[in-house]
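Data first, discussion second: the structure below is written as structure tokens.
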Amino acid sequence: MGDDGDLKDSRRELEPQSVDPKKGWGFRGVHRAIICGKVGQAPVQKILRNGRTITIFTIGTGGMFDQRVIGSADTPKPAQWHRIAVHSEHLGAYAVQKLVKNSAVYVEGEIETRVYNDGVDGQVRNISEICIRGDGKIRLVKSGESAASISLDELRDGLF
């Protein structure tokens, strides 16, 4: 095999990496979200000032979907709600036609934080949302009432 000197020479020395403030990190990361859950708020289309149409709806994942139900200590935590903003007109039209409250849906998009000024009190607000553009995906798994009694395991089986 050889002595230890050969082994050390064959390995590259690791150099500490620094961040150039002008360029940032070489690796930008992944800002992708995959959500599988039930529609809470039916899709609503809004027309922006620039004339583009955006479709907005919410999806609940995990936990209980009706937080008014009081049960034992074994009941799951409340659902996590995710705001979905569809920027693609084609996918937005699909969402408005196919998705209703309680539909089981699969969504894939980018995580973004939008900053805006609140018109009521003038405060700067941040809102996180999953934005679906041309490369995003929306897939209806089960529609409305047929999805009311579906479990998340059944939802997962319908996708894969």
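The values are calculated or read from the model by the stated rules, or taken from the named source; none is laboratory data. All values reported here derive from a predicted model rather than from experimental measurement. Using ideal geometry, Cβ is built from the backbone for each residue, glycine included, and neighbour counts are taken over all protein chains shown. These accessible areas exclude ligands, DNA and RNA; they are computed on the full protein's heavy atoms, side chains included. Shrake-Rupley method; radii C 1.70, N 1.55, O 1.52, S 1.80 Å.
Side notes on the structure shown:
- Flag for G51 being in a loop (DSSP other than H, G, I, E, B), open to solvent by less than 100 Å² (accessible area, probe 1.4 Å) and at pLDDT below 70: no
- Within the span defined as the stretch 60-73, one or more residues are of a type outside the set (F, W, Y), within 14 Å of I130 (Cα to Cα) and either modelled with pLDDT of 90 or more or surrounded by 13 or more Cβ atoms within 10 Å (Cβ to Cβ) (or both).
- Residues of the stretch 24-38 that are modelled with pLDDT of 65 or more and open to solvent by 100 Å² or more (accessible area, probe 1.4 Å): V30, H31, I34.
- Applying the set (1) modelled with pLDDT under 90; (2) surrounded by fewer than 17 Cβ atoms within 10 Å (Cβ to Cβ) to A79 leaves exactly one unmet item: (2).
- Listed by position, the strands (runs of 3 or more DSSP E) inside the stretch 75-141 whose residues that are touching a Leu at 6+ places or on another chain (Cβ under 8 Å) number at least 2 are 104-117.
- Top-ranked residue in the stretch 95-130 [being loosely packed, with under 13 Cβ neighbours inside 10 Å and within 19 Å of Q45 (Cβ to Cβ); ranked as modelled with the lowest pLDDT]: Y116
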